[in-house]
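Take a look at the structure set out below.
The values are calculated or read from the model by the stated rules, or taken from the named source; none is laboratory data. This is a predicted model, so every value here is computed, not measured. For neighbour counting, all protein chains shown are included, and Cβ atoms are generated from backbone atoms with ideal geometry for every residue, glycine included. Just the protein is used for accessible areas: all its heavy atoms, side chains included, with ligands, DNA and RNA removed. Shrake-Rupley method; radii C 1.70, N 1.55, O 1.52, S 1.80 Å.
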Amino acid sequence: MIRLNDITDKVQSYLPDADIEVISTAYVFSAKVHQGQTRLSGEPYLTHPLEVAYILGELTMDVPSVATGLLHDTVEDTLATMKEIEEIFGPEISYLVDGVTKISRMSFSNTEERQAENFRKMIIAMAKDIRVLLIKLSDRLHNMRTIQFLPLERREAVAQETMDIYAPLANRLGIGWIKAELEDLAFKTLKPEIYQEISDRLESKRSEIDKYSKGVLSIIEEEIKKNKIEAQLQGRVKHLYGIYSKMKAQEIGFEEVYDKIAFRIIVESLKDCYGTLGIIHSLWKPVPGRFKDFIAMPKPNMYQSLHTTVIGPYGERIEVQIRTEEMHKIAQKGIAAHWRYKEGKDGIKKQDAKSYDWLQRLIEWQQDLKDPSEFLKTVKVDLFPEEVYVFTPKGEVKAFPKGATPIDFAYGIHTDVGNKCVGAKVNGKLVPIRHQLVNGDVVEILTGGKQKPSKDWLRMVVTSKAKQKIKHWLINEQKERSVTFGKEILDKEFRKFGLSFQKHMHSQKMKSAIESLKTKDLEDLISKVANARISPQQIIEFFVPKEEIKETEQQSVEEPAKKKQRLKKEGKAGGVLIKGVDDIMTKFAKCCNPVPGDRIIGFITRGRGVTIHTADCPNVIDLSTERLVDVQWDISQEQNYNAKIMVICENKKGLLASIALAIANSEANISEGFLRTTDDNKARCEFELQIKNLEHLKRVIRSVEKERDVISVHRIT
Ligand code: MN
């Protein structure tokens, strides 16, 4: 059993000047709060934190990490609180304990394989301080070493989680021995028969393997000595799970796994690495395509080495790894090696680490620090600053770009869920659709049958999937509306000539109209009519002889001049957006002349697009509500709008001119004006103005009000 002394001795072996007082204090505190607790093995609970702290010592971690190893289960499993820890041990250790506790509270078991990567990333994102991860890994390693005491079904879940999450994490952090040990322990739990079989077969060949290994090593040693290279030689049987994965991946039997032994040559310098490689290649014939230079191109987890495979003395394949002492240290300890790692001549160069570029950043930061032992100690690292990881109510984890909202989440589930998203419950609380998600949120999407995507949504989403789906929906809806409008216009036009548009829709004549008017299909033709790119007359010409069109037109002209004039004045209502739709015929209602700033509403007419009224226009009240549509001003477009004002003033000479001047000075144009005198010697002037928006109109009214002898000014509809 590990004792406190073992831990402090270990720490002092690599940190001779360390203040180990805090480790003793942590030990006393942990012993007190865990008092009376036992592990499933029957041992006192305290053995676990002691073992974890010792593993952290083996990783040459700093004092706060080792102390946290002793304290890591106190908040989760005893009556101790975070507040107590902070009071006694200060902010740094309490931050680490809190980090480990948070990860311990999450269950990553029973996950599908595709989820594992997200879980790993989430753990890293949540850990922030990389020491939290190393403490968690040490915790898991000891729990795996004692897994046989768990009930069977728990055992499998924990082993699977170790295989899916923690062993790859150890690998990513470059801690080779923890990765290998975790894999073997999990493998033994999950596939005990296969594990046993491989283990037995290795055992039965133990002496044979040993003899063979010694033979190969002595040949290498002799040759290296001749070349005056100092080297340490190792011939080790690979870890069982490594052998098993190779058998599985290459679909080969145990006998065929030629590289059960990993030969390793550790030399003193970079130059010797390549020198030794030359020696090996001159001794035995290299297998083409098997040489890998991880020195020039380190692995993302910082691993550096030369790998080669050669045909050995008995015609068998031999895998050889060549590296320096420093490289070996990194291969064993990975990121933990950096605590006390001083960069030497053969130090780590630029990493080619696309997927794990955060490691790259860590290394760069470390190089910027004057004292390498300060590495990461004080830096709170946001390892995945661009991503957030959140849960579905079922515990599935999903990754999103930072800034993602429930709408992104909803589209991530299904397009229909996205289209109908009205809000969400995040961690049980209601939030609006624009709410930004953070790491660890549990998100439940709320949908509503009447909900529809709108243009605003495009500003609330960050995933391309959501953007694309919303745009798609908007375009479709716009198309649908255009087609409905277009059909109404054409129905009316056809009826004028006693024809049915419905009946002629798919006729040969319609086909030639589609072709000659250069439209794609019937739908395209109809929407072009709705958008006023094609006139209904252009289409009717294909169905009715020209003379007849002329006659009908003449008959239907009642007050042609007046009608034409009205149409011209109404114009097109630019500057108005219909919710979720572009490119629909709109015009302003003559009754209320809305201007930007007014609350407005649209009325879908039969065949003539949408008429825009002010929301309080008395005419709107009489209109049928199912034809009303939400509209809003498009402030991106600046243009002039018509508005009428009524000015009541004393009937004095020259007053009209000064009112007109006041209007002009407020940068508004007068398009029409009427003046009527009344019996009481007052004048009522009605002006139709061209103004920019409601603010502008108010400004005009105020400046007219200021004129002497003006009694009142107000807008009229
Ligand atoms: Mn623990």
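Here Glu58 meets each of (1) surrounded by fewer than 20 Cβ atoms within 10 Å (Cβ to Cβ); (2) modelled with pLDDT under 95; (3) more than 22 Å from Ile147 (Cα to Cα) with one exception, condition (3).
A single member of Val75, Val28, Val22 is over 16 Å from Met1 (Cα atoms), within 13 Å of the ligand (Cβ to nearest atom) and open to solvent by 20 Å² or more (accessible area, probe 1.4 Å), and it is Val75. Every test in (1) out of contact with any Asp or Glu (no Cβ under 9 Å at 6 or more places or on another chain); (2) within 15 Å of the ligand (Cβ to nearest atom); (3) charged (D, E, K, R) is passed by Glu87 save one, and that test is (2).
Screening the candidates Phe485, Phe494 for the property of being under 26 Å from Ile604 (Cα atoms), over 51 Å from the mean Cα position of the chain (by Cα) and either assigned to a helix (DSSP H, G or I) or of a type in the set (A, V, I, L, M) (or both) yields one hit, Phe494. Selection of the range 618-657 for residues being basic (Lys, Arg), in contact with a strand residue (DSSP E or B) (Cβ under 7 Å, 6 or more places away or on another chain) and at pLDDT 75 or above yields only Lys644. Against the list (1) open to solvent by 20 Å² or more (accessible area, probe 1.4 Å); (2) within 12 Å of the ligand (Cβ to nearest atom); (3) under 30 Å from Val442 (Cβ atoms), the condition Tyr95 fails is (2). Summed over the range 32-44, residues that are within 15 Å of the ligand (Cβ to nearest atom) and surrounded by fewer than 19 Cβ atoms within 10 Å (Cβ to Cβ) total 7. Residues that are at positive phi, outside any strand (DSSP E or B) and either more than 52 Å from the chain's Cα centre (by Cα) or surrounded by 13 or more Cβ atoms within 10 Å (Cβ to Cβ) (or both) are absent from the range 636-653 altogether.
The residues listed here are Ile433, Ile475, Ile489; of these, the one that is free of Cβ contacts under 8 Å to residues at least 60 places away in the same chain and buried (at least 17 other Cβ atoms within 10 Å of the Cβ) is Ile433. So, in the range 450-465, of the ones that are polar (S, T, N, Q) and part of a loop (DSSP other than H, G, I, E, B), which residue ends up nearest to Ala399 (Cα to Cα)? Looking at residues that are polar (S, T, N, Q) and part of a loop (DSSP other than H, G, I, E, B), I get Thr463. Taking the range 286-306 as the range and being out of contact with any helix residue (DSSP H, G or I) (no Cβ under 7 Å at 6 or more places or on another chain) and open to solvent by 30 Å² or more (accessible area, probe 1.4 Å) as the test, the residues that pass are Pro286, Pro288, Gly289, Arg290, Phe291, Lys292, Asp293, Phe294, Ala296, Met297, Lys299.
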